[in-house]
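One structure is given below, encoded as structure tokens.
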Amino acid sequence: MSYKRKQVYYDVKTEKKIVALTFDIGNGNQTAKKVLDILLDKRVDKSTFFLSSPMLESFPEVGIRVKQMGYEIGSHGYNHYNYSEYDNQWIEEQVTKAEEIIFKVTGVRPDLIRTPNGDFNQRVLDKLSEMGYTTIHWSADSLDWMNPGVEEITNRVLSRLRPGVIILMHASDTAQQTHEALPFIIDKLREKGFEFATVSELINEEK
């Protein structure tokens, strides 16, 4: 039985002990390499990456590796501006430009988007939905981009843990502690009996 997707997801209602581990990559390629190495070493085969297209233009190898490792790819747009502050034509141009770059590099046309800064309003959601996108927010924000310390990053994720949660992390070079906290987070999630799913898989579990 199929279910109609909502315009935006913060998490999903499910009894299964599954979570979506998601990463935004907005700049650089060094943290991304470290994060992907950890996921490979820890045998995490389900994750979703929201890729910034200017980053892909500078470091296409990041997108190529994400695709080769089998992870789900979503869009993080082009310019990192708040969509709610711009008109629909600007949004369409931004999202279309990003989609073409993501497709050129990875061969994937995403249908998931995480808007820059997580900013949106109902008009933005309506426009993105009209373009065939589902907006993905989060329910467990690691705040790793603020570099608050490995313990703080880990505790923020684990304190918000429940079935169906969408975890926000960053694999941008400005997030300098993500790769240090990630192994602890993965191990703790597994100790608590949780498994990893892509965002799309998580959405399909919602009843």
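The values are calculated or read from the model by the stated rules, or taken from the named source; none is laboratory data. Computed from a prediction, not measured in an experiment: that's the story for all the values here. Positions of Cβ are backbone-derived with ideal geometry, glycine not excepted, and every protein chain shown enters the neighbour counts. Each accessible area value is taken on the protein alone, full model and side chains, heavy atoms only, with ligands, DNA and RNA left out. Shrake-Rupley method; radii C 1.70, N 1.55, O 1.52, S 1.80 Å.
Some notes on this structure:
- Nearest-0.05 FRET efficiency for Gln7 and Asp141, computed from C-beta distance (R0 25 Å): 0.80
- Comparing Thr48, Phe120, Asn204 along the charge dipole axis of the chain, the residue lying farthest to the positive side is Asn204, per the Cβ-charge model.
- Summarising the label geometry, the points placed 7 Å from Cα in the beta-carbon direction at Lys16 and Glu191 lie 2.5 nm from one another.
- The chain, accessible surface, carbon-and-sulfur percent (1.4 angstrom probe): 47
- Stretchable slack from Ile64 to Asp41, in nm (0.36 nm times residue separation minus alpha-carbon distance): 6.4 nm
- Cα convex hull, the stretch 1-84: 131 Å³ per residue, rounded to a whole number.
- For the chain, the relative contact order works out to 36 percent when only alpha carbon pairs closer than 8 Å and six or more residues apart are counted.
- Added length on full extension, which subtracts the Cα-Cα distance from 0.36 nm per residue, Asp126 to Asp87: 12.8 nm
- Restriction of the GluC sites (Glu not before Pro) in the stretch 1-63 to DSSP coil positions whose beta-carbon has at most 16 other beta-carbons within 10 angstrom yields Glu15.
- At least 15 Å along the helix axis (C-alpha) and Kyte average at least 0.0, DSSP helices within the chain: 30-41
- Summing +1 for each Lys or Arg and -1 for each Asp or Glu among the other residues whose beta-carbon sits under 13 angstrom from that of Tyr83 gives -3.
- For the chain: accessible area per residue (Å², 1.4 Å): 47
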